[in-house]
Amino acid sequence: MRRITGLMLALIMIAAISCKSGKKYSEIREFINEVVTTQDEFLSNIDKSVRADDVVSAVDAFGMKLMKLSEKSTEIRRKYPEVDKWINDPPDELKMDFNRLNDTESKFKKVFVGEKIKILIRDKKVQDAFKELNRRMESVKFFQ
């Protein structure tokens, strides 16, 4: 989970700081909104899960959405190659957007510490789904 969260934060950080003008920032903000929505939907689906199959479906859907987001990140990287120079210092105009992303890890922790989820995660199907998600994430090269 930490790896996914870390990749998503790195993805957003790189995308968001790659822009200079207001128009470009709107594109980055849209991307950030998609990432936040994707994470929130995933966590909501996990939280609502009552069976292992529910968790597997949530993980599979999340993985597919991450793949689409990674494609967008590649497009953004091509469009804004200067992103590498700005990775450690996001523009002031985007700092509020980043604050929304800072809650990501705490949101994940909150959902995954619940007793119901701890039990569901022990299921082999769920473990296999998370292994597949990790495998997919290894094959995705963000911004390359």
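Derivation of every value follows stated rules applied to the coordinates shown; laboratory data play no part. Everything numeric here is computed off the predicted structure, so don't read it as measured data. Backbone-built Cβ (ideal geometry, glycine too); neighbour counts: all protein chains shown.
Between K95 and K72, the distance separating the two model label sites (each 7 Å from Cα on the Cα→Cβ line) works out to 2.5 nm.
FRET efficiency for the S57 to E30 pair, using the beta carbon distance and R₀ = 22 Å, is estimated at 0.25.
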